[in-house]
Amino acid sequence: MSTGIVYAPALAHEKNGHPECSARLSHILPFLEKTGVLASLTPLEAVPATAAQLAQVHDQALIRHVQRVSQAGGGLLDHGDTYATAESYDLARLAAGAGVTAVDAIMRGEVQNGFVLARPPGHHAERRRVSGFCLFNNVAIAARHAQRAHGAQRVLIVDFDVHHGNGTQDIFYQDDSVLFVSIHLFIPRLFYPGTGSKRETGLEQGEGFTLNVPLPPYVGDTGYGRIFQELIRPKAAAFQPDIILVSAGFDAHWRDPLAMAGLSLTGYAQIGRALAQLAAELCHGRILFILEGGYEIDVLSHGILNLFYTLLGQDTIVDPYGPMPQTEPDISSLVAGLKEAHLIY
Ligand SMILES: [Zn+2]
């Protein structure tokens, strides 16, 4: 089994004091080297996404907006906290291209699976709007590339970042060839981005091809495990994907400063195993993790390490922080309601 790694840390995409910073990734290679994992991985070189690849999921106006702000020396791209530096247009194209590179390697059978460690992240970037620290939607561009360049009929995207993947949902909302599943903390008007209710299930041809799992605070390993086994597994099996792409955010860890979900590193590793198992059962093991959020840097490093162990077929889990201190809420009624709404039995 061989596992690809694409590394594009975007050191020049940086804003003073911003949580989405290059330190999130700049220490990861020495860390992976120290654990001995790096030597087992197949390095893949990112090339910038082409204009045509960006245009498969974004309007020209968005692409030009990012380019213009960058070329003017940088600044804020929206009314929130999504920023660009003079280098960000090129670096965001490189982050998107990193996903394309990895999809190429997996679909050609050069590696079985992989992990894209690139930034800026992508899952909040909509067709026409940047948001939530995201410039171009890396996972959406990778999904379209799998379809257009490699003939994948159906792509499953699972987003376990603690924030709703509103951008990915927006891009594929009317599309029945991409099943989008997002598990996220949902507190309307209080927690970003505020979308992703259980009633958002897709539109027209895409009806039923968006599965949102909106969580109350402090759902931990047990609740996440139930969601994967009782909702995502049967939904994915019915869909029969040709490849699984994962928007992998590590901000659902209980120590993360931006959220209040309750996953542990062990819980994350178990999700990774469940997804790798699904890929083995449904699509010849073809699975690609693409980094999204995760702002507690040591947690992020360990979460990435554990997913590499999983991709390499190893049982090792490293969890220096243990489970969250709070008690988990019972999510039985949420699970039952979603089963009913999505006809999952
Ligand atoms: Zn996030």
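The values are calculated or read from the model by the stated rules, or taken from the named source; none is laboratory data. In this text, all values refer to a predicted model and were calculated from it rather than measured experimentally. Positions of Cβ are generated from backbone atoms using ideal geometry, with glycine treated the same way; all protein chains shown enter the neighbour counts. Protein only, heavy atoms only, side chains kept; ligands, DNA and RNA dropped before computing areas. Shrake-Rupley method; radii C 1.70, N 1.55, O 1.52, S 1.80 Å.
The residues of segment 63-81 that are in contact with a helix residue (DSSP H, G or I) (Cβ under 9 Å, 6 or more places away or on another chain) and buried (at least 16 other Cβ atoms within 10 Å of the Cβ), listed by number, are 63, 66, 67, 69, 70, 74, 77. Residues considered: 119, 127. Of these, the only one that is in contact (Cβ under 8 Å) with a residue 24 or more places away in the chain, closer than 22 Å to residue 192 by Cβ and surrounded by fewer than 19 Cβ atoms within 10 Å (Cβ to Cβ) is 127.
Is at least one residue of segment 83-90 out of contact with any helix residue (DSSP H, G or I) (no Cβ under 8 Å at 6 or more places or on another chain), surrounded by fewer than 24 Cβ atoms within 10 Å (Cβ to Cβ) and more than 25 Å from residue 43 (Cα to Cα)?
At the first step, the residues of segment 83-90 found to be out of contact with any helix residue (DSSP H, G or I) (no Cβ under 8 Å at 6 or more places or on another chain) are 83.
Restricting the remaining residues to those that are surrounded by fewer than 24 Cβ atoms within 10 Å (Cβ to Cβ) gives 83.
Checking the rest, the ones that are also more than 25 Å from residue 43 (Cα to Cα) come to 83.
Within segment 83-90, one or more residues are out of contact with any helix residue (DSSP H, G or I) (no Cβ under 8 Å at 6 or more places or on another chain), surrounded by fewer than 24 Cβ atoms within 10 Å (Cβ to Cβ) and more than 25 Å from residue 43 (Cα to Cα).
Taking each residue of segment 44-57 that is of a type outside the set (D, E, K, R) and looking for partners that are assigned to a loop (DSSP other than H, G, I, E, B) with beta-carbon atoms closer than 9 Å, six or more apart or interchain, yields 44/110; 44/111; 49/136; 54/136; 57/125; 57/127; 57/136; 57/137. Inside segment 204-215, residues that are within 20 Å of the chain's Cα centre (by Cα) and open to solvent by 10 Å² or more (accessible area, probe 1.4 Å) make up a count of 2.
Of everything in segment 41-56, what is part of a helix (DSSP H, G or I) and not polar (S, T, N, Q)? Give them in sequence order. Steps first, answer last, please.
So in segment 41-56, the residues part of a helix (DSSP H, G or I) come out as 51-55.
Matches in segment 41-56: 51, 52, 54, 55.
Among what's in segment 249-265 and is away from the ligand (no atom under 12 Å from the Cβ) and part of a loop (DSSP other than H, G, I, E, B), pick the residue that is least open to solvent (accessible area, probe 1.4 Å).
Here is the first cut: in segment 249-265, the ones away from the ligand (no atom under 12 Å from the Cβ) are 254-255, 260, 262-265.
In the following step, the residues that additionally are part of a loop (DSSP other than H, G, I, E, B) were identified as 254-255, 260, 264.
Working: 254: 67, 255: 95, 260: 71, 264: 2 Å².
Looking at residues that are away from the ligand (no atom under 12 Å from the Cβ) and part of a loop (DSSP other than H, G, I, E, B), I get 264.
One residue alone among 297, 290 is touching a residue at least 12 places away in the same chain (Cβ under 8 Å) and either surrounded by 24 or more Cβ atoms within 10 Å (Cβ to Cβ) or farther than 25 Å from residue 96 by Cα (or both), and that residue is 290.
Residues in segment 169-192 that are more than 18 Å from residue 57 (Cβ to Cβ), part of a loop (DSSP other than H, G, I, E, B) and not charged (D, E, K, R): 186, 187, 188, 190, 191, 192.
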